[in-house]
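Here is the structure we will look at, set down as structure tokens.
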Amino acid sequence: MKSLGIVSFFFSAIFTIAAQTNSASVATTLANTAARAMSLQDCIQEALAHNLDVQIQRYNPQVDLYNLRGAYSGYDLTWNISGEHSFNSTASEFVGTNLEPGYIEKSDSFNSGVGGTLPWGLQYDFSGNIAQEKQMQTGLGGSEVTPGSIQVSLTQPLLKNFWIDSTRLGIRLAKNTLQSDEQSLRLHIINDVTSVANAYYELIYAFENVQVQQEALELSQTQLDQDQERVEIGSLAPLSVQQDQSQVAQNQANLISAQETLSVDQNTLKGLIADTNYIMWHNLDIHPTETLVAQMQEFDLQDSWNKGMTERPDLIQARLTAESQGVQLKYDYNQLFPSLDLTGSYGYNGSGPQYSDSFGGIQQGNAPFYSYGANLSMPIGNVGARNKYKADKVTLQQYLLELKQDEQNVMVQIDNAVKMAESDYESVNATKQARIYAEAALDAEQKTYAVGKATTFEVLTYQNDLTLARSEEIRALANYEEALATLAQQEGSTMEKYGIDIELGR
């Protein structure tokens, strides 16, 4: 592939310059550095797997999921069982002239029940109890009875806590928190992937710019060699050779600068895809397997706006924030009402000397009991609930205005990103034509120079123009690729663009 050719040419070029500049350190560094060919998808996968920022953010939805499940605890069944033994005695005493005998009371009681709340606020309690009671009077004997009962009790709110209560509020807010943190994770992934893509394109540019500067150096060196031969035979003034030498030195400096930029861009990309293993990547050079090719793309501003409005994670988070505030406001409004609860119970009694007699009576169901009624409770003034409702209502209006502002900002950002991508694509075509013209101009000037009708300075000027045109062409190509990545980021479509799917573990 073209990029692999660039890589091999880059190494040969660097060694050539090292020999010319007597820079043994450059050759030693490259000899000790391993290379790894990587595509953009390879870099993105490494970043998603090892980037510490993404790894940290992945935990938030998992925590939120546990919190959401915990919010359903308000509907848990509550089971209780208890037992009690009691003893009470009184001494005999005279009441007037009569001696009232004392007595002894003993009882063993057991209670058990299951209760809870249903999603529409109905509170239920299934309970049963049984007790064995003994009473004995001093010198007169005693009695023994074993009463028991089972019953179901129901309480249904009709006003306050009817359409939403604290449990339902907690569940709705926990769901929105989970969705919001999922979008936060998407936002981090989008930003990190965009950074990786831009760094990858910058690295390709750096490699190709090194090649451009190497070709410029070779071109000026060839000019120097030819002019030295002309000086030796007396057909050219020594001043021209000095101009050539100056140009060679300048091109050597430009190549060194391009090499430095390449090293910095290497580290930038490594930092994005490495976590704690940066030391492993330090002695490893990434060689892009892709090239800068400007593929024509149709830009539809309205379609980009639609994507931004529906896919931008920050907008989705803003809507979830407003929605959560709306749920809170609904709860606050419900708390303004008085408590009006319908109550009812139904059950069966049983009694007898022994436990079996009591259980038998309950089973026969010939001693039913029931009750029904209503409870009304209303705080006078209800100052706290009324002012909380007003405050949260104002807060909701604030969130809605902020959402409108965010949507407007997103539309402006997308508009700018589309215009930038369109402009960069036009620059690609323009710089390509400029490079073609510069090549033709240099070729013509070299032919003119060969017949003695042009100066060395003019040839060097055309060489510099060609080098600049080549550099600007690859710069425009990199800018266009980065503009497309930025546009996808502004639309919120980065994950779709690069085929990324994340598992949230629900």
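Quick notes on this structure:
- Residues in the range 481-501 that are surrounded by fewer than 21 Cβ atoms within 10 Å (Cβ to Cβ) and touching a Lys or Arg at 6+ places or on another chain (Cβ under 8 Å): Ser493, Met495.
- Of all residues in the range 414-431, those being open to solvent by less than 70 Å² (accessible area, probe 1.4 Å) and either of a type in the set (A, V, I, L, M, F, W, C) or at pLDDT 95 or above (or both) number 7.
- In the set (1) of a type outside the set (A, V, I, L, M); (2) closer than 30 Å to Asp332 by Cβ; (3) more than 56 Å from the chain's Cα centre (by Cα), Gln132 fails one condition alone, (2).
- Close pairs from the range 445-456: first free of Cβ contacts under 8 Å to residues at least 40 places away in the same chain, partner assigned to a helix (DSSP H, G or I), Cβ under 7 Å, at least 6 apart: Glu445/Glu458; Glu445/Val459; Glu445/Tyr462; Gln446/Val459; Tyr449/Val459; Ala454/Glu445; Ala454/Thr448
- Any chance Leu301 is touching a residue at least 24 places away in the same chain (Cβ under 8 Å) and either touching a Pro at 6+ places or on another chain (Cβ under 9 Å) or within 30 Å of Leu158 (Cβ to Cβ) (or both): no
- Matching residues, the range 85-124, being of a type in the set (Ser, Thr, Tyr) and either exposed (fewer than 10 other Cβ atoms within 10 Å of the Cβ) or within 30 Å of Tyr72 (Cβ to Cβ) (or both): Thr97, Ser112, Thr117, Tyr124
- Number of the exception - Pro313 against (1) of a type outside the set (Asp, Glu); (2) over 30 Å from Leu203 (Cα atoms); (3) touching a Gly at 6+ places or on another chain (Cβ under 7 Å): (2)
- Test: residue in the range 469-480 that is hydroxyl-bearing (Ser, Thr, Tyr), surrounded by 15 or more Cβ atoms within 10 Å (Cβ to Cβ) and under 23 Å from Leu292 (Cβ atoms): yes
- Evaluation of Leu400 against (1) under 30 Å from Gln245 (Cα atoms); (2) assigned to a helix (DSSP H, G or I); (3) open to solvent by 40 Å² or more (accessible area, probe 1.4 Å) (one fails), failing number: (1)
- Subset of the range 357-396 [assigned to a helix (DSSP H, G or I), open to solvent by 70 Å² or more (accessible area, probe 1.4 Å) and over 30 Å from Thr321 (Cβ atoms)]: Phe359, Gln363, Gln364
- Enumeration of residues in the range 375-419 that are within 30 Å of Leu487 (Cα to Cα) and among the hydroxyl-bearing types (Ser, Thr, Tyr): Tyr399
- Residue check, Glu298 assigned to a loop (DSSP other than H, G, I, E, B), open to solvent by 80 Å² or more (accessible area, probe 1.4 Å) and farther than 30 Å from Gly148 by Cα: yes
- Residues in the range 419-440 that are in contact with a helix residue (DSSP H, G or I) (Cβ under 7 Å, 6 or more places away or on another chain) and not acidic (Asp, Glu): Met420, Ala421, Tyr425, Ser427, Val428, Thr431, Lys432, Ala434, Arg435, Ala438.
- Inspection of the range 74-84 identifies at least one residue that is in a helix (DSSP H, G or I) and open to solvent by less than 70 Å² (accessible area, probe 1.4 Å).
- Residue in the range 19-27 that is out of contact with any Pro (no Cβ under 8 Å at 6 or more places or on another chain) and at pLDDT 75 or above present: no
Let's see how each residue does on (1) closer than 28 Å to Val459 by Cα; (2) open to solvent by less than 30 Å² (accessible area, probe 1.4 Å); (3) part of a helix (DSSP H, G or I):
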residue: Glu229; (1), (2), (3): yes, no, yes
residue: Ser235; (1), (2), (3): yes, no, no
residue: Val241; (1), (2), (3): yes, yes, yes
residue: Ala249; (1), (2), (3): yes, no, yes
residue: Gln252; (1), (2), (3): yes, no, yes
residue: Ala258; (1), (2), (3): yes, yes, yes
residue: Ser263; (1), (2), (3): no, no, yes
residue: Ile279; (1), (2), (3): no, no, yes
residue: Asp285; (1), (2), (3): no, no, no
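- Restricting Leu159, Leu154, Leu169 to residues that are open to solvent by 60 Å² or more (accessible area, probe 1.4 Å), on the phi < 0 side of the Ramachandran plot and either assigned to a helix (DSSP H, G or I) or touching a residue at least 24 places away in the same chain (Cβ under 8 Å) (or both) narrows the list to Leu154.
The values are calculated or read from the model by the stated rules, or taken from the named source; none is laboratory data. What you are looking at is a predicted structure, and each value in this text was computed from that prediction instead of being measured. Here Cβ is always computed from backbone atoms with ideal geometry, including for glycine, and neighbour counts include all displayed protein chains. Each accessible area value is taken on the protein alone, full model and side chains, heavy atoms only, with ligands, DNA and RNA left out. Shrake-Rupley method; radii C 1.70, N 1.55, O 1.52, S 1.80 Å.
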